[in-house]
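Down below is the structure, laid out as structure tokens.
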Amino acid sequence: MSENDIHEDRWAIQQLLCRWCALVDAHRWDDMGTVFCEDVVGVYNGKEVPGLQALIDSGNANMTRDTIARTQHNVLNFRIDVEGDLGRDRAHCVTNYYAVHLGAGDFAGQIYSMWGEYDDRLRRTPEGWRIERRDYTTFFVEGDDRMTFGGREPDWEKDYRGDERPR
């Protein structure tokens, strides 16, 4: 792989993660196939969500306009490995994230913020880079997390464990 290819791959991966932020902020969950592989595994604070459709269903159910008026998701401090043992068609990227949510409905006027890290494994596909596994770790939250769970208390064991899809 030439030095140019490595830089192009790193740039493409950064843009992919920025696209994810833009899609979330626009509530465009059905377009997540432009970011994730069909067989993606999401691991959210230790709980597994298997498959693209489960991630889409979760976004549609939890990040609703009924509880969230606007969001701003940001990724930064990209640490991207497109070389080494992963091979030309695999990459590893760790980024920090910061997200702010402005409440709607029962949460109007409230702010919910969170900071953490995405640890992504990526695969090169004919359509470009896609995330095949995301380990999502939250380091700090401020505000009422019900805002990001469709207004309800999350039941992590019931909603995000095993083969059952989020409700």
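Laid out as a table, the results:
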read-out: Any hit, region 112-132, residues being farther than 17 Å from Ala12 by Cα, out of contact with any strand residue (DSSP E or B) (no Cβ under 6 Å at 6 or more places or on another chain) and free of Cβ contacts under 8 Å to residues at least 60 places away in the same chain; value: no
read-out: Residues satisfying the stated conditions in region 1-56, i.e. touching a residue at least 12 places away in the same chain (Cβ under 8 Å) and of a type in the set (Ser, Thr, Tyr); value: Thr34, Tyr44
read-out: Residue in region 98-111 that is nearest to Arg10 (Cα to Cα), counting only those that are open to solvent by 20 Å² or more (accessible area, probe 1.4 Å) and part of a strand (DSSP E or B); value: Tyr98
read-out: Which numbered condition Ala61 misses (of (1) among the aliphatic types (A, V, I, L, M); (2) in contact with a His (Cβ under 8 Å, 6 or more places away or on another chain); (3) within 20 Å of Met32 (Cβ to Cβ)); value: (2)
read-out: Residues being surrounded by fewer than 16 Cβ atoms within 10 Å (Cβ to Cβ) and closer than 19 Å to Val43 by Cα - total across region 138-152; value: 5
read-out: Exclusive hit being of a type in the set (Val, Ile, Thr), within 28 Å of Gly143 (Cβ to Cβ), modelled with pLDDT of 95 or more and in contact with a Leu (Cβ under 9 Å, 6 or more places away or on another chain), set Ile68, Ile13; value: Ile68
read-out: Residue satisfying all of: in region 122-141; more than 11 Å from the chain's Cα centre (by Cα) and among the hydroxyl-bearing types (Ser, Thr, Tyr); nearest to Phe36 (Cα to Cα) among these; value: Thr125
read-out: Selection from region 62-114 of residues that are basic (Lys, Arg) and either within 21 Å of Arg152 (Cβ to Cβ) or under 19 Å from the mean Cα position of the chain (by Cα) (or both); value: Arg65, Arg70, Arg79, Arg90
read-out: Number of the exception - Asp135 against (1) modelled with pLDDT under 95; (2) among the acidic types (Asp, Glu); (3) under 30 Å from Ile6 (Cβ atoms); (4) surrounded by 13 or more Cβ atoms within 10 Å (Cβ to Cβ); value: (1)
read-out: Sole residue being open to solvent by 70 Å² or more (accessible area, probe 1.4 Å), closer than 16 Å to Phe149 by Cα and in a strand (DSSP E or B), chosen from Arg79, Arg121, Arg70; value: Arg70
read-out: Top-ranked residue of region 37-54 - restricted to ones that are within 18 Å of Cys21 (Cβ to Cβ) and open to solvent by 10 Å² or more (accessible area, probe 1.4 Å), ranked as modelled with the lowest pLDDT; value: Tyr44
read-out: Sole residue being open to solvent by 60 Å² or more (accessible area, probe 1.4 Å) and within 17 Å of Ser113 (Cα to Cα), chosen from Arg28, Arg88, Arg65; value: Arg65
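The values are calculated or read from the model by the stated rules, or taken from the named source; none is laboratory data. Keep in mind that what you see is a predicted model, and the values were worked out from it rather than measured. With ideal geometry, Cβ positions are generated from the backbone for all residues, glycine too; neighbour counts draw on all protein chains shown. Ligands, DNA and RNA are stripped out before the accessible areas are found, and what is left, the full protein with its side chains, is counted by its heavy atoms. Shrake-Rupley method; radii C 1.70, N 1.55, O 1.52, S 1.80 Å.
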